[in-house]
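Report on the structure given below.
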Amino acid sequence: MTRQLAELRQQAIALRRAGRSRREIKEILRITSNWTLNEVLRGEPPPAWTLRPNAKDGIRAKAREMREQGMAYSEIAAQLNVSKSSVSLWVRDMPRPERLSYEASRQRQAAGVAKYWEEERQRREADRAAVSMAAANQIGELTDREVLIAGATAYWCEGAKNKPYRRDDRIDFINSDPQMIKFFLRFLVTAGVSRDRLIFTISIHETADVLAAQRFWQETIGIDGAQFNRPLIKKHKPRTVRKNTGDGCLRIKVRKSIDIYRQIEGWASSVLADPP
């Protein structure tokens, strides 16, 4: 800083501490450049009377705090969701922070990205939950007819079906999702199938805990172990990225199921028929 600028700074700071505004200081000292005014007042806070209370006072205080930590205008603007011009207005009297090292800059950037995605994941999860809840409310409680429609469709997707070269006409349904299993059981009851006609088999890999899986499924569907056949153990190691391999799949068969299978076949054909 030149001697002339240093003397001008002393005079400007004295006027500032006397309660003068920037405009008054500029006129008294005959300063023609805003850059010069900023330089001579750099680091000198404005008088309290010049700070008008407004809705962004809290954001302004946060911006100054972040500037003291060495953050750039763009970083402050991004985190506070304000414009860079607003940040500049709020912190222009503060000294410019020292340039960070490359490693420090990378760490700060990584921390900013992590914070952003933490908040973004929460926002997306809230959006997902809101849409899901609205859709659930739209459906509401299912009637027996709707249970039959949904259950028959689910069976046609996941259950064993007759082939042109083989007709069995029997119910054989397998799935790993506990909610789907419970809904299919509800469907069978709605269709008039009593639970004593059901036979359950757990299909599971040999690397899993078979006894724990059997306890899990018994507790999930509330069925006595006497209706469970011996578990079907898969003898190879699974090569999969799935996370729900521990409890295996539950297979449901129905004794004397010719009639109910043919009913499901009819319900599904009606659901899948081309519109008139």
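Quick notes on this one:
- Taking the convex hull of the alpha carbon positions in segment 118-276 and averaging its projected area over all directions gives 13.5 nm².
- Qualifying trypsin sites (Lys or Arg not before Pro) for segment 1-107 [loop in DSSP, other Cβ within 10 Å: at most 11]: R30, R99
- Share, in percent, of DSSP beta bridges within the chain that are antiparallel, nearest 5: 75 percent
- Taking 0.36 nm per residue of separation and subtracting the current Cα-Cα distance, fully stretching the chain between K256 and K163 would add 31.6 nm.
- Directionally averaged shadow of segment 3-91, computed from the convex hull of its alpha-carbon atoms, nm²: 6.3 nm²
- R195-A14 pseudo-label distance in nm [points 7 Å out on the Cα-to-Cβ vector]: 9.4 nm
- Exceedance of the 21 Å cut-off in Cα-Cα distance is limited, within the set K62/K115; K56/K84; K182/K234, to K182/K234.
- Here's how it looks for H205: its modeled amide H is under 5 Å from those of K234, which are all 5 or more places away or on a different chain.
- Applying 1/(1 + (r/R0)^6) with R0 = 51 Å to the Cβ-Cβ distance of D177 and R23 gives a FRET efficiency near 0.15.
- Label zone at E44, where the point sits 7 Å out along the Cα-to-Cβ direction: segment 59-97 residues whose backbone N lies under 20 Å: 89-97
- Using the Cβ-Cβ distance between E141 and Q263 with R0 = 22 Å, the FRET efficiency computed as 1/(1 + (r/R0)^6) comes to roughly 0.45.
- Linear extension gain, S33 paired with A130, 0.36 nm per residue minus alpha-carbon span: 29.5 nm
- A dipole drawn for segment 104-260 from +1 and -1 charges on Cβ atoms has a positive end, and of T207, A191, S132 the residue lying farthest that way is T207.
- Diagonalising the gyration tensor over the Cα atoms of the chain and scaling each eigenvalue by 5 before taking the square root yields semi-axes of 76, 23, 15 Å, largest first.
- Annotation: extensible slack from W156 through R215 equals 18.4 nm (criterion: 0.36 nm per residue apart, minus Cα-Cα distance).
- Measuring nothing but how far apart in sequence close Cα pairs (under 8 Å, 6+ apart) lie, relative to its length, segment 162-276 scores a relative contact order of 42 percent.
- Across the chain, the relative contact order, built from alpha-carbon pairs under 8 Å that are at least six residues apart, equals 16 percent.
No value in this document is a laboratory result; all are computed from the given coordinates. Just so you know, these numbers come straight off a predicted model, no measurement behind them. Neighbour counts run over all protein chains shown; Cβ positions are idealised from the backbone, glycine included.
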